[in-house]
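The next block holds one structure in the form of structure tokens; read it before the comments.
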Amino acid sequence: MSKLALAGLTKRFGEVAAVDGVDLAIEPGEFVSLLGPSGCGKTTTLRMIAGFIDPTAGTIEMDGQVLSSPGRSLPPERRGMSMIFQSYAVWPNMTVADNVAFGLRLRKLPGEEVRRRVGEMLDVVQMRHLAERYPAELSGGQQQRVALARAIVIKPQVLLLDEPLSNLDANLREEMRFEIKRLHEEFRITTVYVTHDQAEAMVTSDRIAVMNHGRIEQVDDPHALYTRPRTRFVAGFIGRTNFIEGRCNGAAVEFDGFAVPRALIAGGAALSGTVIFSLRPQSMRLARARSDAAGAQVPVTVIERAYLGEFWDYVVAPANGALRLKVTAPPLEIYAVGETAVLAIDGAQMAPIA
Amino acid sequence: MTSLAQPTARGGFGRRLAFLEPSMALWLVLIAVLVFLIASPLVRLVVSSFQEPDTGRFTLANYISAYGNLRHLRAVLNSLELGLGVALLAGLFGVPVAWAISRTDMPAKGLVRLMVFGAFITPPYLGAIGWILLAGPNAGWLNKLWMAMTGASHGIFNVYSMPGLILVVAVTSFPYVFIFVNSALDLVSSEMEDAANILGAGTLKTTLRITLPLVVPAIVGGLIVSFLEAIALFGAPALIALPARFHVVSTQLWEFFESPVRVEKAAAFALPLLIITVLMFWLQRAIIGRRGYAAVTGKGGERRIIRLGPWRWVMFGYALFVCSLSVLLPMAVLLQASFAKAWGRGLSPDNLTLNNFHYLLFEQTQAQQAIVNTFVYSGATAFAAIGLSLAIAYVVNRRLLPFGNVLGFLCMAPFVIPGIVLAIGFYAAYAPPPLALYGTAAILILAYTTRFLPIAYASSSAALRSISPEMEEAVRILGGGRLTAIRKVLAPLIKKSLAGAWLLVFIPATRELSSAIFLVGPNTRVISVMLFDLSEEGNFEVLAALGAILLVITVAIAAIGFRVIGRDFMVRSGQ
């Protein structure tokens, strides 16, 4: 049985459906991210799971018991969950230790056990030496660790995180991603993580649910999501891509200026009619001469270029056709604007999208 | 956490249903309290203005007798003249000083600021008494000085006149203009001025053509507030206009309350005051609300100080002049009188005495009672207003109830009700049976609570808004109920702001005269009313001593307020 199950979950604010029929099942111990642009309904979904918002339609179940349904929701304090907030919400009137101990004390645990578990938890987040500090005396990253410790120490049924890293600077954010992943691997708490940052979601998650306009577009593990996006939105939101239109014609799929054998395209046999493909800039290679690699070898002209340090960004145009393709290349593969080259396209990395 | 009870859906539903009922009850209770405090007195005011005194039948006779009299109409015109004069003079005092403090290198800015603050917390009636001692015909200090210098046989100043009244009210209400303009100027970026400078405009031209026009909405807003203060004021006009044998609306209303009490006629006469006030506040909001025009974005760029050169001393002289008129001179003569056997005999050692204070504090039981009453009522008012407004602000802020905004709106409504109008409404609603509250402490505390509810609500609401709801949500998701969240997290976090809010209600309550004068009974007199009575007896030495006691305590409390809330204490109390 899944730990947490959302079925047809919907929330309307007036006429607007902030969350529109979301179905999602999360396994025990799984780490699932809700990823999407602002206003896609991910935070509203999370707050419904927490019990702060009542759904307009649909249900939320935990361990097979209904937690939320329209007009009848268990209040947040009776769900046995924890949450980490965007603002951390570390209580400034309590010390670090008091913050972490709060949930345990609410559960009326004996003082000795509270002290022991708080100490252990602070060791895990490397904050023991700051236990008697007040939050105002801590840095943003340290406050975030306190929030994590406070949420995890009660061993919640489900841990909810609402864009927890968005207020940190870039370096710290990267560090905390791995910290969150490490804590999850240590405690295996079922986790729902809301973010608009794809890198964050890819580092931490077992599965990612990409949301747009209140709906889930695709749920998959990070690798599948990147390599096999199923909708145009997912392909465009996760990483950069080229959208190209192909027409199925016999054993090949024909594009504007080149063709790729159907057999080389993953799932190509099932395609018919006109299909849009997502083609990542990294999945193609520029070369000065044809190679004997499988796939299409397309003569192109370089029409724009930008050097970004880690790689080159080229825009190339196939010799016969109006298509423009973004392609990346390693720093030493230098082409001038106007130079001709051969573009190798690997059909296995072309993802047909709905 | 293994000992955590598994949540059961059934229990949750039961709780949820059970929660609906108390929330409705809470809403009804809050609405009932607000109706009792605000709506009912106002409705009574309007209703009784259309009623025959004894029978309660509908009539227009109150309006006819209130306005069908040249003397009464004259009072309305006088009020308008007073309001306009005060607004203009307050602008003349307030705008240059605000500009000098915000934008220039005038010396001793901190001192000037402190004196403006002093003018702000000085009750207008005390200022008026100071000015009676300064510019009373012939006996006033300024007149004596004039006669000594010129050898003239008569003084040239007469405070008992319309110009005298305008000056007296303007020197106590210019801080409103100052606060509005100063905060607006603080937000205007120097880049606005630089842009004019780079095109070739000098400092004076830039100031007149760019800087001041940018804060015109703030200036107008300040003038409107000064105008409204002036027409709603009772104390200073009563002290000055009555001996000068003319009436303004507030003193005319007072006359309607001298026996026999003609509350219906007073109600009819008070309504236009209410309507004017509501309209002017609406106008002021409309003007201030035009942000684009004001260019007051809240994030001004870097601000640079304008170097005035030798003119900085001229500016300082002007600020000192304004502060002398409003604080230094009146307070100096009050202080002198409070330690004098007879105030007119000057500063000679044989005129010094502590008898005035001794008399008030140890001999005269009425004075002791008035002092105790003042602080007890003000304290009770502060607790009541903060408690009520906090409950409502919480409900509104956390959207616990449908139509919560209605509650918030009602809380702010008394802001546009002049104290004197409110008092008449309270009298009309609660003086007669069945409540028969006239002359009790309760009616004073209730009226004060209503009067200062907007201050309390604005502060409570700001305090709550400064605490992210996530602070409470973090408690709830960890298993604590709403009450735990309020007790363990919210209350400790807003403690300090609430202490400040308490002071913001307490201080004006200690000096409130215009609503008190209509509602006090023989045993519920407060300091402000007693000061007024003493002035009618002409006992200025004792009066000055009582005023000094009030001021010393108020200043002490304001100093605590500064400590607690910091520098924006004064600004917030002004808005």
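Numbers for the structure displayed
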{"item": "Rounded to the nearest 20 debye, dipole of chain A from Cβ charges on Lys, Arg, Asp, Glu", "result": "480 debye"}
{"item": "For the stretch A:1-41, alpha-carbon Rg and Dmax in angstrom", "result": "12.1, 36"}
{"item": "Residue among A:G214, A:G36, A:G246 with the largest mean-square fluctuation in a Gaussian network model of chain A, springs linking Cα atoms under 10 Å", "result": "A:G246"}
{"item": "Kirkwood hydrodynamic radius over Cα pairs of the stretch B:59-216, then Stokes diffusion coefficient at 37 °C and 0.692 mPa s, in µm²/s", "result": "175 µm²/s"}
{"item": "Options B:V95, B:V159, B:M280, ranked by Cα towards positive dipole end of the protein assembly as shown, top entry (Cβ charges)", "result": "B:V159"}
{"item": "For chain B, the longest site-free run once GluC sites (Glu not before Pro) in DSSP loop states with at most 13 other Cβ atoms within 10 Å are removed", "result": "B:303-575"}
{"item": "Anisotropy class of the stretch B:50-347 from Cα gyration tensor, a/c 1.5 cut", "result": "oblate"}
{"item": "Rounded to the nearest 20 debye, dipole of chain B from Cβ charges on Lys, Arg, Asp, Glu", "result": "1580 debye"}
{"item": "Sparse-neighbourhood loop sites, trypsin sites (Lys or Arg not before Pro) in the stretch B:205-284 - DSSP loop, at most 16 other Cβ within 10 angstrom", "result": "B:R245"}
{"item": "For the stretch B:400-462 and the stretch B:471-519, distance of Cα centres in Å", "result": "18 Å"}
{"item": "Charge dipole magnitude, Cβ of K and R +1, D and E -1 - the protein assembly as shown, Cα centre, debye nearest 20", "result": "460 debye"}
{"item": "Using alpha-carbon coordinates, inclination of helix A:140-152 to the longest axis of chain A, degrees", "result": "70 degrees"}
{"item": "Global geometry of the protein assembly as shown, whether rounded, prolate or oblate, following the gyration tensor of its Cα atoms and the 1.5 cut on a/c", "result": "prolate"}
{"item": "Those trypsin sites (Lys or Arg not before Pro) in the stretch A:133-197 that DSSP places in a loop and that have at most 15 other beta carbons within 10 Å", "result": "A:R133, A:R188"}
{"item": "Kirkwood-based Rg to Rh ratio, the stretch B:354-575, C-alpha trace", "result": "1.04"}
{"item": "Axial C-alpha extent at least 20 Å, average Kyte-Doolittle at least 0.5 - helices from chain B (DSSP)", "result": "B:9-34, B:70-103, B:162-187, B:216-232, B:263-288, B:365-397, B:441-465, B:491-511, B:540-565"}
{"item": "Helix A:111-124 vs. chain A, principal-axis angle (Cα, 0 to 90°, nearest 10)", "result": "20 degrees"}
{"item": "Once exposed loop GluC sites (Glu not before Pro) are cut out (DSSP; at most 16 other Cβ, 10 Å), longest piece of chain A", "result": "A:133-309"}
{"item": "Cα coordinate range in chain B, projected on the principal axes (Å, largest first)", "result": "96, 74, 50"}
{"item": "Estimated vicinal HN-Hα couplings, Hz - the stretch A:154-160 in sequence order (Karplus 6.51, -1.76, 1.60; Gly, Pro = x)", "result": "7, 6, x, 4, 9, 9, 10"}
{"item": "Alpha carbon convex hull of the stretch A:240-353, projected area averaged over orientations, nm²", "result": "6.7 nm²"}
{"item": "Distance from the stretch A:277-308 to the stretch B:244-287 (C-alpha centre basis), Å", "result": "85 Å"}
{"item": "Eligible lysines near A:K155 by straight Cα distance, threshold 17 Å, same-chain separation 8 or greater", "result": "A:K3, A:K108, A:K181"}
{"item": "Pairwise centroid distance, computed over Cα atoms, of the stretch B:122-185 with the stretch A:1-30, Å", "result": "72 Å"}
{"item": "Sequence of A:F187, B:F506 once ranked by neighbouring C-beta atoms within 10 Å, starting from the fewest", "result": "A:F187, B:F506"}
{"item": "Nitroxide proxy distance, nm - points 7 Å out along Cα→Cβ at A:A251 and B:A286", "result": "8.1 nm"}
{"item": "Coil-residue chymotrypsin sites (Phe, Trp or Tyr not before Pro) of the stretch B:381-456, DSSP, other Cβ within 10 Å capped at 15", "result": "B:F403"}
{"item": "Unit charges at the beta carbon, dipole of the stretch B:354-575: most positive-side option, B:V395, B:S378, B:A499", "result": "B:V395"}
{"item": "Charge-dipole axis of the stretch B:354-575 as Lys and Arg at +1 and Asp and Glu at -1 on Cβ define it, positive-most pick from B:P469, B:L446, B:I420", "result": "B:P469"}
{"item": "Rounded if a/c under 1.5, otherwise prolate or oblate - the stretch A:281-341, Cα gyration tensor axes", "result": "oblate"}
{"item": "On Cα atoms only, tilt of A:96-106 relative to the major axis of chain A in degrees", "result": "70 degrees"}
{"item": "Percentage relative contact order, the stretch B:354-575, counting C-alpha pairs under 8 Å, at least six apart", "result": "30 percent"}
{"item": "Radius of gyration and maximum dimension Dmax of chain A, Cα, Å", "result": "24.6, 78"}
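Values quoted throughout were computed directly from the atomic coordinates according to the rules given, and no laboratory measurement underlies them. In this text, all values refer to a predicted model and were calculated from it rather than measured experimentally. Please note: Cβ atoms are built from the backbone with ideal geometry, for glycine as well, and neighbour counts cover all protein chains shown.
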